[in-house]
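Peer 1: Dropping a structure here in structure tokens format, bear with me for questions.
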Amino acid sequence: MKYRIGLFGASSFLGATYLNEINNSGLFSISGLASQSVTTKAYTTSYYPIQLYNEYDELIDKGTIDVAYISVSNDLHFSIASRLIKNGIHCIIEKPMVGSLDQYNNLRILAQENDVVFFENFCFLYHKQFNLLKNIIASRVHGDIRAMSIRFGFPEFTDKQNFRYHKSKLGGAFRDAGVYIYRLAAQFIDTSSCISYRKNHHLHSYEVDMSGACLIYDDKFSVLGSWGLSNFYQCEVDVWFQSARLVFPRFFTAKPNFKATASLYTEMKVKEYTFADNQYINSLKFFCGLIQDKEQRTVYVSEMTNYYNLVGSCLEQWD
């Protein structure tokens, strides 16, 4: 079965990477693209011949889609997703899915009432790298985890009109990069009893936060994270165990043609891992599985709620 998918917005990530995976997955037929951007026609000409809609409601109300991919600016995610969900349309939403814990809880309730899937597109969770990390932690073969250090940041974009640099569009480094750290931490830390501190930093020429750091800890281990939109590129996860250290040099952004690696350091030797995987296709398959499997959907929503509760419980809130 192929799901009829509608595209809402035309982000650079969708155009450069994800649209190709949607098209090649065999899981979807593309029904149209709704965008208010004047560059959309050039966008579709460059990639695929897609039916264009000038208004989002046109594609929502046309009755020709089962699934929506939302890649508009952050400030529009909640309003568009709410309307789609009320119409019984499953949603894949680029991160951050919403701008607050309250908005998340509203979408969660709407999705439950309308029996649809709402999915935040953190693809790294569906890469073999994450599976290795999860399995080593669960096995306790190297003892308990003591600490996790995570760094994710990149240089400034050349496009200064990018929504990431505008407060009104819910831009900023935390929402673009910092959320990855919280999403990963929430997979392993006990958020019901943890404490989280976060500090955002600003540059005088920008109205949004441009970097930041966090400390998240429970009674077992701690997560130290840092991120930025004006940094030397880093995408590293470093995990310190009782008797080993596991390092991933490029954890969040391993594209299909990239040979991801990991190094496991023990007292006696260093073990090297190499991964060939497609986290984008894997995420699409997982999403489609949630449509069919309501038990798995319940587990996923529980994980998402855990994550948003962690973000919402920070000493410094979303700003």
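Peer 1: Only residues that are farther than 21 Å from Lys220 by Cβ and surrounded by 14 or more Cβ atoms within 10 Å (Cβ to Cβ): list them for segment 132-156, please.
Peer 2: Passing the criteria: Arg151, Phe152, Gly153, Phe154, Glu156.
Peer 1: List, please: which pairs have Cβ atoms under 7 Å, are six or more places apart or on different chains, and start with a residue in segment 198-214 that is within 14 Å of Gly178 (Cα to Cα) and end with one that is basic (Lys, Arg)?
Peer 2: Val208/Lys167; Gly212/Arg198; Gly212/Lys199; Ala213/Lys199; Cys214/Arg198
Peer 1: Would you pick out the residues in segment 149-165 that are at pLDDT 95 or above and either charged (D, E, K, R) or out of contact with any Phe, Trp or Tyr (no Cβ under 7 Å at 6 or more places or on another chain) (or both)?
Peer 2: Residues satisfying the conditions are Ser149, Ile150, Arg151.
For every residue, the table says whether it meets (1) in the same structural domain as Ser196 (by TED's automatic domain parsing); (2) over 30 Å from Lys199 (Cβ atoms); (3) outside any helix (DSSP H, G or I).
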| residue | (1), (2), (3) |
| --- | --- |
| Lys255 | yes, yes, yes |
| Thr261 | yes, yes, yes |
| Leu264 | yes, yes, yes |
| Glu267 | yes, yes, yes |
| Lys271 | yes, yes, yes |
| Lys285 | no, yes, no |
| Gly289 | no, yes, no |
| Glu303 | no, no, no |
| Tyr307 | no, no, no |
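Peer 1: Taking into account only those residues within segment 230-280 that are among the small types (Gly, Ala, Ser) and either under 23 Å from the mean Cα position of the chain (by Cα) or modelled with pLDDT under 95 (or both), which is surrounded by the fewest Cβ atoms within 10 Å (Cβ to Cβ)?
Peer 2: Filtering segment 230-280 for residues that are among the small types (Gly, Ala, Ser) and either under 23 Å from the mean Cα position of the chain (by Cα) or modelled with pLDDT under 95 (or both), the one surrounded by the fewest Cβ atoms within 10 Å (Cβ to Cβ) comes out as Ala276.
Peer 1: Identify, please: which residue in segment 46-69 is modelled with pLDDT under 95, of a type in the set (D, E, K, R) and not in a helix (DSSP H, G or I) and is, among those, nearest to Phe8 (Cα to Cα)?
Peer 2: Glu55
Peer 1: Here is a further query. All but one of (1) over 17 Å from Ser11 (Cβ atoms); (2) at pLDDT 95 or above hold for Gly172, so report the exception by its number.
Peer 2: Result: Gly172 passes all but (1).
Peer 1: Turning to a different aspect of this structure: Please find, within segment 70-97, the residue that is nearest to the chain's Cα centre (by Cα) out of those that are assigned to a loop (DSSP other than H, G, I, E, B) and closer than 18 Å to Arg297 by Cβ.
Peer 2: Ranking the candidates gives Met97 first.
Peer 1: Still on this model: For segment 164-205, give me each residue that is aromatic (Phe, Trp, Tyr) and assigned to a helix (DSSP H, G or I).
Peer 2: Tyr165, Phe174, Tyr180, Tyr182
The values are calculated or read from the model by the stated rules, or taken from the named source; none is laboratory data. Predicted, not measured: the structure shown is a model, and the values here were computed from it. Cβ atoms come from the backbone with ideal geometry, glycine included; neighbour counts cover every protein chain shown.
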